[in-house]
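What follows is a short report on a single structure.
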Amino acid sequence: MSDIQTVRVDLADRSYPVFVGRGARHELATHIGSQVRRIAVVTQQDVPAALIPDFSPFETHTFIIGNGETHKTLETVQQLCRSFSDAGITRSDLVIGVGGGLVTDVAGFTAAVYHRGLGVMHVATTLLGMIDAAIGGKTGVNIPEGKNLIGTYWQPQAVACDMDALLTLSTQDLQCGYGEMAKYHFIARQDLSLLPLGQRIARCVEIKGDIVASDERESGQRALLNYGHTLAHALEIATDLTMPHGVAVSVGILYAAHLAQVMGRITSKRVQEHYDIIHGVYNLQTSLPDGLDSSAAINLMRRDKKALSSLTFVLDSSDGLQVVDGIIEQDLERALDLLRRRQG
């Protein structure tokens, strides 16, 4: 298909293609290895059946997992493993996650641990999945103490970002993706809004792919992909996982901008540029949850899986985004106050 763009994630012998465009899901069949006999499709009830490719002549089994973050658990993974066993799925077979970030996270993690690892591919059906969750090999599930605290790195063999799926999404689902997409403006220091949506998705995949290729296991540069996520994960926990991830990230990005300003890293003009992207380009909600005080927010941020010896943030500067450790509580509180004032 000539309108399909291909971005390659370069990881030596584990490199893989990411296909972007309408009908991209059909590209996966040509990348299935000759040893595969059975395919385990992991998806959700609300994913349109038309988005699940026909994998004939392979023996295909479909497994439905629940909707919502409350199903992103070890219990779901265990149930999938047992179902795989009942269906005769072996280590030489293939898992294919068809859905959003929850599906690709759970399918990837299950593939990583079942029989100590079997191949996995993804068909990303949400904007968030296309530009973030399905790319890079990070998999994980939640526990009550925090998001994605149990997981591993397990790279897919191929990913399809099928833009047919975008036609099925609600405004809220699209906003989730736009919250993650906004961060790439600041990682790349590039106005991505000048690109058509398909090219913008491919550019986000390219940015993430380049970072993953240079730092697969988040020992350095890959942490930049967490811009806005320290507060975002705290907000998700504070709202019992009812605040959509991308919306929480948009709030977290603005908070990170205020924190960088408080610490003298950026000017008020650069803070305004963050609002111009979040509000102006993507028209995203930026409200802190009602009743969340500064002390509670800071305590929740301390649980974040990216915390090192103390609270760690990715913050902007005149030289671009940087990982910053050892932030004092007074600055955290001042930044929260500035964010609240800006919200009115």
- prompt: Of the numbered conditions (1) touching a Leu at 6+ places or on another chain (Cβ under 9 Å); (2) assigned to a loop (DSSP other than H, G, I, E, B); (3) in contact (Cβ under 8 Å) with a residue 60 or more places away in the chain; (4) surrounded by 17 or more Cβ atoms within 10 Å (Cβ to Cβ), Gly320 satisfies every one except a single condition; which is it?
  reply: (4)
message: What's the total number of residues in the range 94-113 that are within 12 Å of Thr139 (Cβ to Cβ) and either crowded, with 23+ Cβ neighbours inside 10 Å or within 14 Å of the chain's Cα centre (by Cα) (or both)?
response: 13
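Out of everything in the range 149-178 that is under 15 Å from Gly246 (Cβ atoms) and in contact (Cβ under 8 Å) with a residue 40 or more places away in the chain, what residue ends up being surrounded by the most Cβ atoms within 10 Å (Cβ to Cβ)? Spell out how you get there, then give the answer.
Step one: of the range 149-178, the residues under 15 Å from Gly246 (Cβ atoms) are 166, 169-178.
From what is left, the residues that are in contact (Cβ under 8 Å) with a residue 40 or more places away in the chain are 169, 172-178.
Values: Leu169: 17, Gln172: 11, Asp173: 19, Leu174: 17, Gln175: 20, Cys176: 26, Gly177: 28, Tyr178: 22.
The extreme case among them is Gly177.
Could you tell me whether the range 62-76 includes any residue that is in contact with a Phe, Trp or Tyr (Cβ under 6 Å, 6 or more places away or on another chain) and in contact (Cβ under 8 Å) with a residue 12 or more places away in the chain? I'd like the intermediate steps shown before the answer.
Here is the first cut: in the range 62-76, the ones in contact with a Phe, Trp or Tyr (Cβ under 6 Å, 6 or more places away or on another chain) are none.
Looking for residues that are in contact with a Phe, Trp or Tyr (Cβ under 6 Å, 6 or more places away or on another chain) and in contact (Cβ under 8 Å) with a residue 12 or more places away in the chain, one finds none in the range 62-76, hence no.
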query: Can you name the condition, by its number, that Thr30 falls short on among (1) modelled with pLDDT under 95; (2) not in a helix (DSSP H, G or I)?
result: (2)
query: Within the range 68-83, is even one residue in the same structural domain as His122 (by TED's automatic domain parsing), in a strand (DSSP E or B) and surrounded by 13 or more Cβ atoms within 10 Å (Cβ to Cβ)?
result: no
- request: Please state which of the following conditions Gln261 fails to meet, knowing it meets all the rest: (1) surrounded by fewer than 23 Cβ atoms within 10 Å (Cβ to Cβ); (2) at pLDDT 95 or above; (3) outside the structural domain of Gln322 (by TED's automatic domain parsing); (4) farther than 12 Å from Ile187 by Cα.
  value: (3)
message: Checking Gly140 against (1) buried (at least 23 other Cβ atoms within 10 Å of the Cβ); (2) closer than 26 Å to Thr76 by Cβ, only one condition comes out false. Which one?
response: (1)
- request: Scan (1) of a type in the set (A, V, I, L, M, F, W, C); (2) part of a helix (DSSP H, G or I); (3) surrounded by 20 or more Cβ atoms within 10 Å (Cβ to Cβ) for the single condition Leu284 breaks and write down its number.
  value: (2)
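Among the residues of the range 84-114, how many are within 28 Å of Glu27 (Cβ to Cβ) and part of a helix (DSSP H, G or I)?
To start, the set of residues in the range 84-114 that are within 28 Å of Glu27 (Cβ to Cβ) comprises 84, 87-114.
If we keep only those that are part of a helix (DSSP H, G or I) too, we end up with 84, 87, 101-114.
Result for the range 84-114: 16.
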Number of the condition not met by Glu69 [criteria: (1) at pLDDT 95 or above; (2) more than 23 Å from Asp86 (Cα to Cα); (3) not small (Gly, Ala, Ser)]: (1)
- prompt: Does Arg91 qualify as being among the basic types (Lys, Arg), surrounded by fewer than 23 Cβ atoms within 10 Å (Cβ to Cβ) and under 26 Å from Pro48 (Cα atoms)?
  reply: no
query: Would you pick out the residues in the range 52-74 that are among the hydroxyl-bearing types (Ser, Thr, Tyr), touching a strand residue (DSSP E or B) at 6+ places or on another chain (Cβ under 8 Å) and within 27 Å of Glu27 (Cβ to Cβ)?
result: Thr60, Thr62
message: If I ask for residues that are touching a strand residue (DSSP E or B) at 6+ places or on another chain (Cβ under 9 Å) and of a type in the set (Gly, Ala, Ser), which ones from the range 149-208 would you list?
response: Gly151, Ala158, Ala160, Ala165, Gly198, Ala202
- prompt: What residue, among those in the range 299-317 that are farther than 19 Å from Pro144 by Cβ and either modelled with pLDDT of 95 or more or of a type in the set (A, V, I, L, M, F, W, C) (or both), is surrounded by the most Cβ atoms within 10 Å (Cβ to Cβ)?
  reply: Phe313
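The values are calculated or read from the model by the stated rules, or taken from the named source; none is laboratory data. Keep in mind that what you see is a predicted model, and the values were worked out from it rather than measured. Neighbour counts run over all protein chains shown; Cβ positions are idealised from the backbone, glycine included.
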